[in-house]
């Protein structure tokens, strides 16, 4: 979020709808200083929200190492300092998160590619950046680097936002191309080479050359080393822990929350799930209802969705009606001289009940909360 915000400010200094009356002043990007500012805030929040809480509670013991289940009531921890320790438990919460997934492209593993982790802490802005993937992280970082000065090329296996209403992908693709970002749809790399400091990606549409390569094709749950089978914890085909609405796994004493589970991979979902898991582990009966969960992608324009798309509703046998409002009909957008995007309402035919909203707009993440309330309260 910090990098995205900095890139947004850089973009406004370079180009805005009001350049006629306020001539643009292209910024000088001092990446080292931006990175220092970003990391200082990250460390501040990490200490305040996590490390400080753990250190200040005498009831919490922190072990540094790698854990695996011995059975459904004990763990074996391989300690970083050496040796192993068996930890017994009455209840256990698994919250190991997820790691960037790596596509099986010949030559990729041997190259110095970036994941989102390396991209976010890079102290330089590459002149040319290639991005493999069209995940949320891929698109957010692609636009951020472009606005900070990189020439960016995105290789998308399908189209952008292919799981969403087609109008969303079309709108974001148009916005990206208007900013000079190359979006290569239906394009996959069949080979990656790194020669003399340059990446060369072989695709069905020719070669793509870049100084840096970001791979962001999704995230894989961190569950493989946990020996979950020893504790009777079930996972799905992707290795994600299967949980119910109370964050319970298939093993009665073991709970899970966050990106290591089969729930949507959003930080606010993980936080809500962790809270409810803690309540249930201490005798409560809290559940997490995700039927009206808003999702926001922090591109510009932003993408925000909640509830059903038309295709999802039809898949579930729900007949729909819909209305689409383009932003050139919205006074606020007209006043901002930025009418990119739309707001689409999906209504259940017959009852006329709102069941879904999709929005592409500069501040779509703000308006989607109202839609979520309307859907939840019927």
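Only the coordinates and a few stated rules stand behind these numbers; no lab work does. No experiment lies behind these values; they were computed from the predicted model shown. Note: ideal-geometry Cβ built from the backbone for every residue, glycine included; neighbour counts use all protein chains shown.
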Between the range 223-287 and the range 10-31, the alpha-carbon center distance in angstrom: 46 Å
For the range 217-356, convex hull of alpha carbons as volume per residue, Å³: 161 Å³
For Cα extents along the principal axes in Å, calculated from these coordinates, the label among (1) 59, 58, 41; (2) 62, 54, 48; (3) 67, 64, 44: (3)
The range 295-376: C-alpha gyration tensor shape, a/c 1.5 cut-off, then a/b vs b/c: prolate
Sequence ranges 163-173, 14-24, 210-220, ranked by mean other-Cβ count within 10 angstrom, highest first: 210-220, 163-173, 14-24
Pairwise FRET efficiency - residue 238 versus residue 376, Cβ, R0 = 30 Å, nearest 0.05: 0.60
Relative contact order (%) - the chain, alpha-carbon pairs under 8 angstrom, separation at least six: 14 percent
Anisotropy class of the range 155-212 from Cα gyration tensor, a/c 1.5 cut: prolate
Relative contact order, percent, the range 47-95 [alpha-carbon distance under 8 Å, six or more residues apart]: 22 percent
Sequence of 267, 208 once ranked by neighbouring C-beta atoms within 10 Å, starting from the fewest: 267, 208
Footprinting exposure proxy for 4, 355 (fewest neighbouring C-beta atoms within 10 Å first): 4, 355
Global geometry of the range 103-181, whether rounded, prolate or oblate, following the gyration tensor of its Cα atoms and the 1.5 cut on a/c: oblate
Listed residues 53, 243, 343, most fluctuating in the chain (Gaussian network, C-alpha, under 10 Å): 53
Alpha carbon centroid spacing (whole Å) that separates the range 80-145 from the range 296-342: 31 Å
Packing-based exposure ordering (other Cβ within 10 Å, fewest first) of 92, 260: 92, 260
Net lengthening on full extension, residue 28/residue 326 (0.36 nm per residue, minus Cα-Cα): 103.8 nm
Per principal axis, descending, Cα span of the range 34-180 in whole Å: 57, 35, 35
Calculated [θ] (222 nm, deg cm²/dmol) that DSSP helices of n ≥ 4 give over the chain, each run adding -39,500 (n - 2.57): -8000 deg cm²/dmol
